[in-house]
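Report on the structure given below.
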Amino acid sequence: MEKWFNVGKIVNTHGVKGEVKIVSTTDFPEERYQKGNTLYLFQGQVKEPLGLVIKSHRKHKNFDLLTFEGYENINDVEKFKEGILKVQEDQLQELDEGEYYLHEIVGCKVVTTAGDALGVVKEVLSPGANDVWVVKGERGKEHLIPYIEDVVKTVDIDNQIITIEPMEGLLS
């Protein structure tokens, strides 16, 4: 089964020459939106994604603006509004050591260096300087684990196990 990953949502058209406004969700807009790359458009009831080859990309205010090959005016792209742009798993970039995609972290079991099971990562928050992993235990208790070197000791993506060294007060 193919895995798909969101890179942005088409929120509107821009001008009359087929440009669309994207609210981007990718950490790699320069690579993802390069001329010639293919993104796949998923829309509501449409079963098959539509492959779109990027013709141009530019930034405008807080948006990424894209045009696609073969879609030259506003009438061609009006129907794309509210569509989600995605890439397949084989299009994901290689990350540096210590960097992970959200889908790799969510679902991992979290244990302490003492061997205590805390629960499973349900969500990743990005409130500021570092990510915070929301770990939900068996009894429903949630722990907020900061992704910092002092706390997160090992991340084993293959076995889906994260080992942490809790700081004082972290688990109370």
### Query
Relative contact order for the range 4-91 using alpha-carbon pairs under 8 Å, separation at least 6, rounded to a whole percent?
42
### Query
From the backbone phi of the range 109-119, what are the Karplus-calculated ³J(HN,Hα) couplings (6.51 cos²θ - 1.76 cosθ + 1.60, θ = phi - 60°) in whole Hz, Gly and Pro given as x?
7, 10, 10, 8, 5, 7, x, 7, 7, 9, x
### Query
Where the centre of each part is set by its Cα atoms, how far does the range 105-119 sit from the range 1-26, in angstrom?
36
### Query
Summing Lys, Arg as +1 and Asp, Glu as -1, what charge do residues with Cβ under 13 Å from the Cβ of Ala114 carry, Ala114 excluded?
-1
## Note on the structure
The correct pair for the range 43-97, radius of gyration to one decimal and Dmax as a whole number, both in Å and from Cα atoms, is 13.7, 45
### Task
Determine ³J(HN,Hα), in whole Hz, for all residues of the range 154-166 in sequence, where each value follows from phi through the Karplus function 6.51 cos²θ - 1.76 cosθ + 1.60 and θ = phi - 60°; x replaces Gly and Pro.
9, 10, 10, 5, 4, 9, 6, 10, 10, 10, 10, 10, x
### Query
What are the extents of the Cα atoms of the range 4-91 along their three principal axes, listed from largest to smallest and rounded to whole Å?
33, 29, 21
### Task
Evaluate the range 102-164: find the radius of gyration of its Cα atoms, find its Kirkwood radius, and give the ratio Rg to Rh.
0.92
### Message
If a paramagnetic tag sat 7 Å from the Cα of Asn130 along the Cα-Cβ line, which residues of the range 146-172 would have the backbone N under 13 Å from that point?
### Response
146-154, 164-168, 170
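Values in this text are rule-based calculations from the coordinates and carry no lab data. Just so we're clear, the structure is a prediction, and the values are computed from it rather than from any experiment. Cβ atoms come from the backbone with ideal geometry, glycine included; neighbour counts cover every protein chain shown.
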